[in-house]
């Protein structure tokens, strides 16, 4: 639990740092945000460290820039050429040193923090992979659609290894905070999500469910069905997570890996409205 939870906190740090870094660069060096698709990468961090201002980037020799990209395993000539041209043709947002100097220093500081967070996440990923692969139940989670090396260990932790802990899937849904709460007073009733629950577990199921939208056929159908009914993105994802927990609980209890083909066949055999709607 501690390994994956701390790794998720590092991800939160990464997001906060990248948001601050993006804002700092927009003040004096917005061009670099257009040259790279992602800024939370070692490539971007190293670029800013070497060329923290537009003036420095424009003064760099073509051969130096090309070597930089090659050293970072970038060999796509059209992409490199596009970036080189963009660097040379870029016009400064401002020449005011009172603006450039403090934001340059802030960007360099944030880049150091970001690089540290990225390196730490790699260390956690390596250690988590070693521990997770030693667990006999990991086979049940690592091949799940959309799970991958980061969410699979978190799902393993979410269920644990004490199968007597939960009597049924509903207990998992309630404990994790995925199951909504219905309150009644007289003739009125309202539904809201659970306030008292392990936030990390709820986050784990919701984040994984979101990843399955484009990885699982039925999950995608269910999600878009919920959106068509007027549900918000978050509500639709939680509803999807609710259904997934029922499936995973069964796999976990019986120690049977999830099989998308078998599940789709079961849906067709019982005439699931989900697949009927798609056929119609």
Rg/Rh of the chain (Cα atoms, Kirkwood Rh), to two decimals, equals 1.08
Compute and list, largest first, the equivalent-ellipsoid semi-axes of the range 1-106 from the alpha carbon gyration tensor, each √(5λ) rounded to a whole angstrom.
26, 20, 10
Between residue 33 and residue 259, what FRET efficiency comes out of the Förster formula 1/(1 + (r/R0)^6) with R0 = 41 Å and r the beta carbon distance, rounded to 0.05?
0.40
Value of [θ]222 nm, deg cm²/dmol, for the chain, DSSP H segments ≥ 4, -39500 (n - 2.57) each, nearest 500:
-22000 deg cm²/dmol
For the pair residue 274 and residue 72, what calculated FRET efficiency results from E = 1/(1 + (r/R0)^6), where r is the Cβ-Cβ distance and R0 = 45 Å, to the nearest 0.05?
0.50
If one compares the long axis through the Cα atoms of helix 199-212 with the longest principal axis of the Cα atoms of the chain, the angle in degrees, nearest 10, works out at 80 degrees
How far, in degrees from 0 to 90, does helix 233-254 lean away from the longest principal axis of the Cα atoms of the chain, to the nearest 10?
60 degrees
Rounded to the angstrom and largest first, Cα extents along the principal axes for the range 230-278 equal 35, 23, 13
Between residue 133 and residue 171, what is the label-point separation in nm under the 7 Å Cα-to-beta-carbon projection?
3.3 nm
Roughly what angle does helix 2-28 make with the longest principal axis of the chain, taking Cα atoms, 0 to 90 degrees, to the nearest 10?
40 degrees
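No lab work stands behind these numbers, since they all come straight from the coordinates. A quick note: this is a predicted structure, and the numbers were derived from the prediction, not measured. Reconstructed Cβ throughout: ideal geometry from the backbone, glycine too, with neighbour counts over all protein chains shown.
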